[in-house]
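Participant: Sharing a structure below in structure tokens format, with a few things to ask.
The values are calculated or read from the model by the stated rules, or taken from the named source; none is laboratory data. Everything quoted here is computed from the prediction, not taken from an experiment. No Cβ is skipped: glycine too gets one built from the backbone with ideal geometry, and neighbour counts run over all protein chains shown. What goes into the accessible areas is simple: the full protein's heavy atoms, side chains included, and nothing from ligands, DNA or RNA. Shrake-Rupley method; radii C 1.70, N 1.55, O 1.52, S 1.80 Å.
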Amino acid sequence: SSSPTNERSTLTPPHAKRLPKGREKGEGLHSGVKKTTMSNVTNYKRGKIILFGDSITQQSFSAADGGWGAYIADRYQRRADVLNRGFSGYNTDWFLRYAATAQGNADLFEHDEVKLVTIFFGANDASDSDSNKRQHVPLADYKSNIIK
């Protein structure tokens, strides 16, 4: 059984071990190389990208359709976790109501290391007020909602 402090738990970049003849360790090109220990690696926190929106965002992870969310997740793999918070059928009023709940607040906003947020709402908000009163949001309300 190996302990966390044995030699295998310390990772050194391959070039750090190759010193030119006549140079002492800690001199010249290699003096600035910092050893990466397992504790440094385990403390690493991956960045987050959060996608907020309606069904267009929700369906953005469809690999079959070449979704833009799947594309972002692919481009940032191992560098950032992409969180899809798309809600099919939602408009900005409904999203804000959900965000105001304890569950919604935790789901949407309690994330460390957020590096990027996208906000794609408007398709449902812009629905016709006569034929779809349930989802329609007046333009002035939409403008106010989007900056909250």
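Participant: Among the residues of region 129-148, which ones are among the basic types (Lys, Arg) and in a loop (DSSP other than H, G, I, E, B)? Working first, answer last.
Facilitator: At the first step, the residues of region 129-148 found to be among the basic types (Lys, Arg) are 133-134, 143, 148.
Scanning region 129-148 gives Lys133, Arg134, Lys148.
Participant: May I pose another question? Given region 54-106, what helices (runs of 4 or more DSSP H) lie entirely inside it while holding 2 or more residues that are at pLDDT below 95 and within 30 Å of Tyr44 (Cβ to Cβ)?
Facilitator: Numbers: elements: 55-58, 68-75, 92-99.
Qualifying helices (runs of 4 or more DSSP H): 68-75.
Residues checked against (1) under 21 Å from the mean Cα position of the chain (by Cα); (2) polar (S, T, N, Q):
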| position | (1), (2) |
| --- | --- |
| Leu96 | yes, no |
| Gly104 | yes, no |
| Asp107 | yes, no |
| His111 | yes, no |
| Thr118 | yes, yes |
| Ser127 | no, yes |
| Asn132 | no, yes |
| Leu139 | no, no |
| Ile147 | yes, no |
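Participant: Something else about it: Can you name every residue in region 129-148 that is free of Cβ contacts under 8 Å to residues at least 12 places away in the same chain and not aliphatic (A, V, I, L, M)? First the steps, then the outcome.
Facilitator: Initially, region 129-148 is screened for residues free of Cβ contacts under 8 Å to residues at least 12 places away in the same chain, giving 129-134, 138-140, 143-144, 147.
Once the filter is applied, which keeps residues that are free of Cβ contacts under 8 Å to residues at least 12 places away in the same chain and not aliphatic (A, V, I, L, M), region 129-148 yields Ser129, Asp130, Ser131, Asn132, Lys133, Arg134, Pro138, Lys143, Ser144.
Participant: May I pose another question? Within region 75-101, which residues are at positive phi and either surrounded by 19 or more Cβ atoms within 10 Å (Cβ to Cβ) or not small (Gly, Ala, Ser) (or both)?
Facilitator: In the first step, residues of region 75-101 are kept if they are at positive phi; the result is 78, 89.
Within region 75-101, just Arg78 meets the criteria.
Participant: I've got another one for you. Being free of Cβ contacts under 8 Å to residues at least 60 places away in the same chain, closer than 27 Å to Ile147 by Cα, open to solvent by less than 90 Å² (accessible area, probe 1.4 Å) and not aliphatic (A, V, I, L, M) is the filter here; which residues of region 46-74 pass it? Spell out how you get there, then give the answer.
Facilitator: Of the residues in region 46-74, the ones free of Cβ contacts under 8 Å to residues at least 60 places away in the same chain are 58-74.
Of the ones still in play, those that are also closer than 27 Å to Ile147 by Cα are 58-61, 67-73.
Subset that is open to solvent by less than 90 Å² (accessible area, probe 1.4 Å): 58, 60-61, 67-70, 72-73.
If the condition is that a residue be free of Cβ contacts under 8 Å to residues at least 60 places away in the same chain, closer than 27 Å to Ile147 by Cα, open to solvent by less than 90 Å² (accessible area, probe 1.4 Å) and not aliphatic (A, V, I, L, M), then Gln58, Ser60, Phe61, Gly67, Trp68, Gly69 are the ones that fit.
Participant: So, one more: Could you please give the count of residues in region 107-128 that are in contact (Cβ under 8 Å) with a residue 12 or more places away in the chain and outside any loop (DSSP other than H, G, I, E, B)?
Facilitator: Of the residues in region 107-128, 9 are in contact (Cβ under 8 Å) with a residue 12 or more places away in the chain and outside any loop (DSSP other than H, G, I, E, B).
Participant: If His111 satisfies all but one of (1) open to solvent by 40 Å² or more (accessible area, probe 1.4 Å); (2) touching a helix residue (DSSP H, G or I) at 6+ places or on another chain (Cβ under 9 Å), what's the number of the condition it fails?
Facilitator: For His111, the failing item is (2).
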